[in-house]
Amino acid sequence: MVLSLPQLREVTEAHFTCLTERELAERRREEGVRVISHRGHYWEQSGLPGFFQPVHLLARLTPDEATAPTPLSWGFRAALTPETASAATGQVPVARLRDLDTYDVQHLDSDRRGELRQCQRLVRIVQLTGPSLLLEQGYGVIRDALTRTRPKKIPTLDEYLKSLRRYFVSDHWCVLAGLVDGKLGGYLDGYVVDGVAYGFSAYYASWALPLNISTGLLYAFAQVCRRFEARTLVGGLHGPDAAPLEPFEDGLGFVVDPIPIHWGMNPLARAFIRWRYPHAYSWLTGQP
């Protein structure tokens with residue numbers, strides 16, 4: 001059933017295209033990301049120009065595959081297969097939902113179940129099928145969220161509007177939004193590649209947090225990915241700044257897995273980043 005507002009779909013009828021690694025690489029190129037094919041896998045430039053990681057972050061590579069994808073890169077990292085974990089030069093902790101194939105309200109602790117019930121009473125969760133709602137109300141939400149949490153620089157309005165294009169240029173992004181009387185309270189996005197669901201980013205307006213919109217949207221996204229037979233849902237890397245979120249994530253059923261990686265970095269870049277940005281160095285390499 002299509003809702004009365006334009007470009008919205010009931011979350012119970014949400015659908016999108018699940019991709020292979022190669023298909024994701026093609027989509028990332030369409031979004032303007034630099035992508036390189038190297039030894040059977042696809043790598044994308046991430047962060048500063050010259051640093052690469054696989055487009056499918058948890059694709060498991062052998063040490064022979066996990067090498068610099070271009071001589072011009074100053075750094076790279078890739079997850080290793082379990083069989084070659086002994087060759088790892090670091091590890092990164094990844095937050096994921098356990099048992100996604102059976103994930104339901106029983107996997108939540110009592111606090112999160114109560115929050116979910118409240119959210120489901122007060123917030124309408126929908127899939128966005130076009131940009132109209134975000135064009136109208138999205139920038140205010142993202143400014144509010146990033147001012148509060150400060151994980152990255154707030155984009156300009158023009159930058160934000162341009163970034164919306166990626167959601168709807170193809171059909172692999174799943175964008176879920178929470179509405180309260182027609183007002184946007186928050187939204188999150190993600191996609192599925194080779195059976196792994198990635199929660200990419202999430203933004204919540206301060207006024208909507210008491211309605212437990214974050215619990216409701218994350219749970220809804222997990223259920224959508226479960227219907228598409230994703231094996232696991234990755235919520236992101238569990239960095240040093242994630243400690244305040246641990247009780248929330250634990251209550252939702254997230255666990256933290258240390259993933260063995262192989263990484264490389266230009267010695268000068270390594271020395272500078274380790275000195276100037278120690279948290280970034282730890283996040284990139286899994287080393288203190």
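List of remarks:
- For the stretch 180-288, the Kirkwood estimate of hydrodynamic radius, built from reciprocal distances between every pair of different alpha carbons, is 16.3 Å.
- Summed residue charge, Cβ within 13 Å of residue 98's Cβ, Lys/Arg positive, Asp/Glu negative: -3
- Using C-alpha pairs below 8 Å separated by at least 6 residues, the relative contact order for the chain is 28 percent.
- Using equal-weight Cα scatterers in the Debye expression, the normalised intensity of the chain in log10 at q = 0.11, 0.12 Å⁻¹ is -0.68, -0.81.
Every number here is computed from the coordinates shown, using simple stated rules; none is lab data. Everything numeric here is computed off the predicted structure, so don't read it as measured data. Reconstructed Cβ throughout: ideal geometry from the backbone, glycine too, with neighbour counts over all protein chains shown.
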